[in-house]
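The values are calculated or read from the model by the stated rules, or taken from the named source; none is laboratory data. Model, not experiment: these values are computed from the prediction. Cβ sites come from the backbone with ideal geometry, for glycine too, and all protein chains shown count toward neighbours. Only protein heavy atoms, including side chains, enter the accessible area calculation; ligands, DNA and RNA are left aside. Shrake-Rupley method; radii C 1.70, N 1.55, O 1.52, S 1.80 Å.
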Amino acid sequence: MPTYNMTAPLKDEDVAKLHVGDVVKLSGTIYTARDAAHKRLCDMLDNNEKLPFELKGAVIYYVGPSPAPEGRPIGSAGPTTSYRMDTYAPRLHSLGVKASVGKGKRSPEVRKALQEHTGVYFGATGGAGALLSQCITAAKVIAFDDLGPEAIRELTVENFPLLVVNDSHGGEQYAKPNFEF
Amino acid sequence: MKVIKAEQIHDAVVDLVLKAARYLPEDVKTAIRVARNTETSDSAKEILGQLLENADLAKESGLPLCQDTGLGVFYVEIGDEVQIEGNITEIINNAMIDGYQKGLLRKSSCHPLTRKNTMDNSPAVIHFTHVAGDKLTIKHMAKGGGSENMSRCTMLTPAQGWEGIKEFVVRRMAEAGPNPCPPTIVGVGIGGTFDLAPSLAKEALFRPLSAENPDPELAAMEKELLDEINQLGIGPMGLGGKTTCLGVKIAMHPCHIASLPLAVNVQCHSSRIKEVTL
């Protein structure tokens, strides 16, 4: 399978060349945000407030890491289930977010937003939090400290292994269950 | 009466919390290893390999296996010849808080509506049973949210029987797809009342993968469900393959003549369970 080395923030041309099943080794700066942080970001947009990070080209990692032990930038840091962010994701893509990283299925609305705004949804291995934390070389809380594990963190990542699950061309990588619905 | 001191229980619970978060049970590791050897899909082999690597790394580094270190769930069996010095609910809750703090485990408990984090993972979810004898057994599960959210409870009609149970469980796992971090372990609670069935389903998850159900009828039902779930082809992380589920555990209890309560409690591949008997 094709493997690309990419640097975040991402550009439209980076995202456009990706197809389901591709592997991306991502380096650069990404941001963590999950349930409560997404709600607050959208509330800030409603109130015309300046967001804590630049949305243009941003990669958002759906993660609530465990606390960092001494000498490490972060604790365990694997992806959380993405569908809970589906309510907010299309709006963030329309404002420049290029990619999210999580696990599990996305809604038709998110898949449509990826096509309309040249976005991509990456899957990372759920539960492999100790392993994935090794790709994170720096982490700092930049907003919503009171949310604890749900605070927004700026992460520096190196060769973070990601799989393209939903691309900007309408494709999806997940297996369709053999079940008559 | 056997007297058990608060401190002894506290220390034992802290130990359970730390070990459950860091060490993947050996029988789960074995099941993942076996699955990796029988998988034909490259992505399935790759993911199962990552899970084994993750388990080794957590053991060596002291990092938790998964960043979602769960809510602290406890099933406690108190012998009627045991006297506890102190309030057992308070002791377990405080020890759970202490364990999550010491182990640098994520605090995931919050107000259900305001979503304000309690910041210490409290309160623990504790189920008590009184049994005969002079032993105190505490079973701990660190239950993650992603898999828990895929769980369901329903009230079938008696006429739906085993076919209805199978339909519901397999459909649920098909709908859950990649969300609960497959390969999963599936706990099924059959019977009792509306409130008991989910508790049976969760408690069933404490039985090791390697331990066959002692009731041959239930053992056959577990095997049938496991085969059907694995035929879904969802595979590790939903990317396809033979390994959607590592094991099904059923617990059954008599129910009302009008009812057939059924619950499915989904556990991810990272089965954080540990128990102690004092």
With x for Gly and Pro, the residue-by-residue ³J(HN,Hα) of segment A:121-132, computed from phi through the Karplus equation 6.51 cos²θ - 1.76 cosθ + 1.60 at θ = phi - 60° and given in whole Hz, is 10, 9, x, 10, 6, x, x, 8, x, 5, 5, 5
Placing one equal point scatterer on each C-alpha of chain A and summing with Debye, one gets log10 I(q)/I(0) at q = 0.08 Å⁻¹ equal to -0.22
Per the charge dipole of segment B:1-147 (beta-carbon charges, Lys/Arg positive, Asp/Glu negative, Cα centre), the residue among B:M141, B:G86, B:L105 reaching farthest to the positive end is B:L105
Heavy-atom accessible area per residue of the protein assembly as shown, all protein chains kept, 1.4 Å probe, expressed in Å², is 41
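Kindly state, to the nearest 0.05, the FRET efficiency for B:S210 paired with A:Y4, given R0 = 41 Å and r defined as their beta-carbon distance.
On the way: r = 42 Å, r/R0 = 1.02.
According to the calculation, E is roughly 0.50.
Show me B:1-12, B:135-146 ranked by packing, highest mean number of other Cβ atoms within 10 Å first. Walk me through the numbers on the way to the answer.
Values: B:1-12: 15.5, B:135-146: 22.7.
For the peptides B:1-12, B:135-146, the packing ranking is B:135-146, B:1-12.
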Under the rule rounded for a/c under 1.5, else prolate if a/b exceeds b/c, else oblate, using alpha carbon gyration tensor axes a ≥ b ≥ c, segment B:49-146 is classed as oblate
Taking a crude spin-label model, label points 7 Å out from Cα along the C-beta direction, the B:D227 to A:N178 distance in nm is 1.3
Mean projected area (nm²) from the convex hull of Cα positions in the protein assembly as shown is 22.1
Non-local residues with an amide H under 5 Å from the amide H of B:G240, with H modelled 1.01 Å from N and Pro and chain starts lacking one, are A:A175, B:G235
Scanning the protein assembly as shown, every Cys lacking a C-beta partner under 4.7 angstrom -> A:C42, A:C135, B:C66, B:C110, B:C153, B:C245, B:C255
For chain A, the dipole about the Cα centre with charges only on Cβ (Lys and Arg +1, Asp and Glu -1), to the nearest 20 debye, works out at 200
Flagged as over-length at 27 Å C-alpha distance, from A:K50/B:K143; A:K56/A:K176; B:K59/B:K102, the pairs are A:K50/B:K143; A:K56/A:K176
Sorted by chain and then number, the residues having a modelled amide H within less than 5 Å of the amide H of B:T184, at least 5 places away or on another chain, are B:C245, B:L246
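Estimate the FRET efficiency between B:N149 and A:E154 by the formula 1/(1 + (r/R0)^6), using the beta-carbon distance for r and 45 Å for R0, to the nearest 0.05. Intermediate values should be presented prior to the final figure.
Working: r = 28 Å, r/R0 = 0.62.
Efficiency computed from Cβ-Cβ geometry: 0.95.
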Per-residue accessible area, 1.4 Å probe, largest first, puts B:R22, B:R152 in the order B:R152, B:R22
Expected output for segment A:134-176, residues with a loss of 50 Å² or more in accessible area relative to the chain alone at probe 1.4 Å, reads A:P149, A:Y174, A:A175
Here, trypsin sites (Lys or Arg not before Pro) of segment A:48-90 satisfying both criteria (DSSP loop; at most 14 other Cβ within 10 Å) are A:K50, A:K56
Karplus ³J(HN,Hα) for segment A:91-101 (6.51 cos²θ - 1.76 cosθ + 1.60, θ = phi - 60°; Hz, whole; x = Gly/Pro) runs 5, 5, 5, 5, 9, x, 4, 9, 7, 10, 10
Applying the span-like rule to chain B (DSSP H, Cα extent along axis at least 20 Å, Kyte-Doolittle mean at least -0.5) gives B:6-22, B:42-61, B:88-102, B:161-176, B:216-230
Unit-weight point scatterers at every alpha-carbon of chain B, Debye formula, q = 0.15 1/Å: log10 I(q)/I(0) is -1.18
In nanometres, the difference between 0.36 nm per residue of separation and the alpha-carbon distance of B:T89 and B:R33 is 16.3 nm
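Evaluate segment A:3-56: find the radius of gyration of its Cα atoms, find its Kirkwood radius, and give the ratio Rg to Rh.
Numbers: Rg = 14.3 Å, Rh = 13.3 Å.
Reported Rg/Rh (Cα atoms, Kirkwood Rh): 1.07.
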Probe 1.4 Å, all chains present, heavy atoms only: B:L246 accessible area in Å², nearest 10, is 30
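What's the Cα-based Rg to Rh of segment B:179-276, Rh via Kirkwood? It would help to have the intermediate numbers written out before the result.
Values: Rg = 13.7 Å, Rh = 13.8 Å.
Using Cα coordinates only, the ratio equals 0.99.
What number in nm² do you get for segment A:89-129 if you take the convex hull of its Cα atoms and divide its surface by four?
Working: hull surface 11.3 nm².
Spelled out: convex hull of the Cα atoms, projected over all directions, averaged, 2.8 nm².
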Segment B:106-180 and segment A:3-60 have their Cα centres apart by a whole-number Å value of 33
If unit charges are put on Cβ atoms (+1 for Lys and Arg, -1 for Asp and Glu) and the dipole of segment A:45-155 is taken about its Cα centre, the option from A:A58, A:V141, A:T125 lying farthest towards the positive end turns out to be A:T125
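Give, rounded to the nearest 20 debye, the magnitude of the charge dipole that chain B has about its Cα centre when Lys and Arg contribute +1 at Cβ and Asp and Glu contribute -1 at Cβ. Provide the component values of the computation, followed by the final result.
Numbers: 28 positive and 34 negative charges, 137 e Å.
It comes to approximately 660 debye.
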Karplus-derived 3J(HN,Hα) from phi for segment A:31-46 (6.51 cos²θ - 1.76 cosθ + 1.60, θ = phi - 60°), whole Hz, x at Gly and Pro, runs 10, 8, 7, 10, 2, 5, 5, 5, 4, 5, 4, 6, 5, 5, 4, 4
